[in-house]
Amino acid sequence: MFETGRFADAERAARGVTQPPDLHLQAVALRAEILAAQGKGAEALLLLDPQRDAPGLGGRRIRLELAELLVRGGRRADAEPLLQKFADDYASDAIPVTDAEGLAMVGRAMDLWRSPKDANRAYNESERAERGRVETLLWRAALFVDKYDPGHAEEVLDEALEIAPHRAHALVMLARLKLEEALDFAGAEKLATDALAVNPKDTGAYAVLANIALRDGNLEKAGHSIDTGLAIDSSDLELLSLRAAARFLAGDTAAFEAAKTEVFSRNKEFSQFYGIVGEFAEWEHRYADVIAMMQQAVALDPDDAKAWAQLGLTQTRGGDETGGVASLENGWHRDHFNVRVYNTLQLLYKTWIPQQYDTAAHGVFNIRYPKNERAILERYVPRLLDEAWGAMKLHYMFSPVTPTAVEMYGNKLQSPDHVREAFSVRTSGLPNVGIQGVCFGRVVAAMSPGSEPFNWGNVLWHELGHVFAIQLSNSRVPRWFTEGLSEYETMIRRPEWRRDLDPELYRALKKNQLPGALAMNTAFTHAEGELDVTVAYYAASQMLAFVGEKFGFPAITRALQLWGQGQTTPEVFRGAFALTPGEFDSAFRGWALTRLARYDGQYMFDPRPEPIDETQARAQTMPRDGDAHVAYAMALLRAHRADEASHEIEAALQIDAHNKDAHFVAFKIALEGRAFSVAEEHLRSIEQAGGAGYTVSLALADVARGRHDKAAERAALEQAHRFDSTQPEPLRGLVELANDEGRDADALSALGELVKLDQHDRRACGLLLEKLTQARRWDEAKHVGEGALYVDIESAPVHVAYARALSATGDHQTAAFELESALLCDSKSEDKAATRALLAAERLVLAKGSQAKAK
């Protein structure tokens, strides 16, 4: 009854348990828990206190619940004698090794007493005594979550949910884990909703929903969840702290202070308040506010190891590494189980950075390099940063606080399997971050070019753009706007530094799947996969391109200034663009669809991954809906059940012989089965139904490739490129065909187009540069060579080819510089000798005979 939110019924039933005495005590403890869940903590304490010295299991339940409530009420000192009794019972063997329940309570008591090592030991012994106790598993999962150990936490929760799949508390804990560790907003929201279906009075579920809404910037929705939860338990400290966080994000200082006062009136020791609010300040890039809050937290409770950790991590990300390391050491001294602190303090700052990295000052920058990449990087990175800084100062008529730290991680001295560890730990404290760059307001951290293939110039330019936008807006710029602005900045710098996702953007607009400006943050936070995130970045970049084209860059600057003055987004849009958000959305949509009009009439296949059971149910419920059969067929194909998928497609085509999606899925099935004639027939059917376009042409190329018909493949690829010249796939195919057939001029032409579209393709860029050099097309080679430096800076052949183009066009000074760079890269001894000879020749031209002789 209690676990399904039937509080009155649960308390009535518990009151009825009067015998035997030990079970009566357990019922009293449960009654107190029921009262506390309704905000009646004082009544719960009065109920428990007379029984605090009671014997047996029931007495332990009384003491544990009493300690929980005292800690929750800010009376930790009063709780300590109760917690000490658990330690004493454990030490004296009053709780034997066979008592799984008693040992689990010891574990919980030690967790409350801030002794995680003892808690973990007790949980281990409890599980040895009895496997599968859900209570033990939930308490243990809470310990892992608190220590930032998401892997073990998820393992334990999965085990608990396998035993008790409808336990609301377990669902909420898993939701918190998905939200905090994986930023899986959709998954967290579903789990919280599922929990409320079981227990509509689970305040933790409302806290999760409020957390999601606050990160989305939807303060109204967050407020509804907070109010609903507080109507159940008006003393819930997390929900009260979230109410304060909402007022903080709204810039309502008076309401924030009032909410803060209410929290501390209920628990004067609740230092976690600052951590809860600080999470949202960090989400909004308000790092100075986070530091101030966490300093208040550790002043309030110097033993709050988690607050010390949050303070230290934020200080290091704000550029104060000395202060940050000191704070982390304070946290580590109090808690040796926090994974983020261990990784950041012991691995990053005490091992990796001193052993494998150098820091050098350059103008307004402090730049950290991997030691074994420094020689080559410091020839180019400062130059790029200077250029970006100068360009952005002119754009925004603003200069950020200096110095700005730029850190590059990913040392090749590490194992290839762990090449991301240093960067990941620096940015999250955990070794599994999948991004290539991040900005903390005054600190930019990025992967180094030697770590993996990517365009390092694009990444640094993008992240430096955030430095300007965050500081100019006083950290109040919406996430979508600053991401779109940084993407726009890279597009201005080099046209190939743009994402090419026009088809995806067109589909999102046509299907009304793209949120408006006020809700655009959700395109990032509620993305269902990596592609959705990429489309969100691209859509945001196009929204800023629209602003730049229609209103000019000064309007962008004005918007940032207005956010910095504390104005809301509707106020900012009226002040900067003279439009309401709704008018902005409408104008952008018209602008974008005009630009994307080439897709009108083209067939596009856009299947959304759906669970197989859901699509099956829909197809069975709506047997005359062809689209339902197609969706089920796609789910079957993803499950590698092609025969069943074929059956569903046949059903769809019987309903509608012109269903383009059905024909396209049929094409996929036939292609996989190497039935090329059947595959082509389905594609032709799409064309006949008015669906010609890029998608069908590219698919026809796949059919031709399967038949080894190179002429047909080439024709199809060329047709696909004509339909959509922004997509790289047809060009890759055309390059491959031209190389196979020895058509060098065609290969060169296609490569030139491809490199403009794929900013990260090292192979294509290097091959194009090589071919242009061989053809002595020096002006083109010079242009491509400049771009190649941002893709493959540690390639000696790239530097040599670029140098040859520079020399041939009369720039001997830069040619010599590039040849010097080539000598810093790994290459064979004979290649180095040839490079030295070229460098000697350049120095002779520059009248540096003695240096030439040395080479």
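The values are calculated or read from the model by the stated rules, or taken from the named source; none is laboratory data. Treat the numbers as computed from the prediction; the structure is a model and nothing was measured. Counting neighbours? That spans all protein chains shown, and the Cβs are built from the backbone with ideal geometry, glycine included. Surface accessibility is based on the protein's heavy atoms, side chains included, excluding ligands, DNA and RNA. Shrake-Rupley method; radii C 1.70, N 1.55, O 1.52, S 1.80 Å.
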Note: THR580 to SER677 extended length (0.36 nm per residue) minus current alpha-carbon separation gives 29.5 nm
For the HIS783, ALA361 Cβ pair and Förster radius 35 Å, calculated FRET efficiency rounded to 0.05 is 0.60
Rh_Kirkwood(segment 320-360) over Cα pairs, Å, one decimal, evaluates to 10.6 Å
Taking alpha-carbon centroids only, segment 607-632 lies from segment 637-684 a number of Å equal to 15 Å
Treating only Lys and Arg (+1) and Asp and Glu (-1) as charged, each at its beta carbon, one finds that the chain has a dipole about its Cα centre, in Debye to the nearest 20, of 2060 debye
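Determine the shape class of segment 195-348: with a ≥ b ≥ c the square roots of the Cα gyration tensor eigenvalues, call it rounded for a/c under 1.5, and otherwise prolate if a/b is greater than b/c, oblate otherwise.
It is prolate, given that a/c is not under 1.5 and a/b is the larger ratio.
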Subtracting the Cα-Cα distance of ALA834 and ALA292 from 0.36 nm times their residue separation yields 189.3 nm
With Cα coordinates, the longest principal axis of the chain makes an angle with the long axis of helix 150-163, in degrees rounded to 10, of 60 degrees
Taking Cα atoms only, helix 237-250 is inclined relative to the longest principal axis of the chain by an angle, in degrees rounded to 10, of 40 degrees
Of the accessible area of the chain, computed with a 1.4 Å probe and all protein chains kept, carbon and sulfur make up a percent value of 51 percent
Here FRET efficiency (C-beta to C-beta, VAL97 to ALA617, R₀ 41 Å, nearest 0.05) is 0.25
In nanometres, the difference between 0.36 nm per residue of separation and the alpha-carbon distance of GLU753 and PHE264 is 169.8 nm
With only helices counted (DSSP H, runs n ≥ 4, each -39500 (n - 2.57)), the per-residue ellipticity at 222 nm for the chain, to the nearest 500, works out to -21500 deg cm²/dmol
The helix 76-91 Cα axis meets the longest alpha-carbon principal axis of the chain at an angle in degrees, between 0 and 90 and rounded to 10, of 90 degrees
Which of [x] 0.97; [y] 1.07; [z] 1.02 gives Rg/Rh (Cα atoms, Kirkwood Rh) as computed here? It is [z]
With the dipole of the chain defined by +1 on each Lys or Arg Cβ and -1 on each Asp or Glu Cβ, the option from ALA29, LEU171, VAL443 whose Cα lies farthest towards the positive pole is VAL443
Filtering GluC sites (Glu not before Pro) in segment 712-773 by DSSP loop and by at most 13 other Cβ atoms within 10 Å leaves GLU741
For segment 182-250, listing GluC sites (Glu not before Pro) in a DSSP loop whose Cβ sees at most 14 other Cβ atoms within 10 Å gives none
The distance between the Cα centres of segment 697-737 and segment 102-136, in whole Å, is 62 Å
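Which whole number in µm²/s is D for segment 29-128 by Stokes-Einstein, with the Kirkwood Rh taken over Cα pairs at 37 °C and 0.692 mPa s?
So the translational diffusion coefficient is about 244 µm²/s.
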Gyration tensor on Cα atoms of segment 709-855, a ≥ b ≥ c root eigenvalues, a/c under 1.5 rounded, else prolate if a/b beats b/c, else oblate, says prolate
Note on segment 785-830: alpha-carbon gyration tensor, axes a ≥ b ≥ c; rule is a/c under 1.5 for rounded, else prolate if a/b larger than b/c, else oblate; result oblate
The pairs in LYS668/LYS756; LYS756/LYS782; LYS117/LYS306; LYS178/LYS260; LYS117/LYS178; LYS306/LYS350 lying past 22 Å Cα-Cα in this model are LYS668/LYS756; LYS178/LYS260; LYS117/LYS178
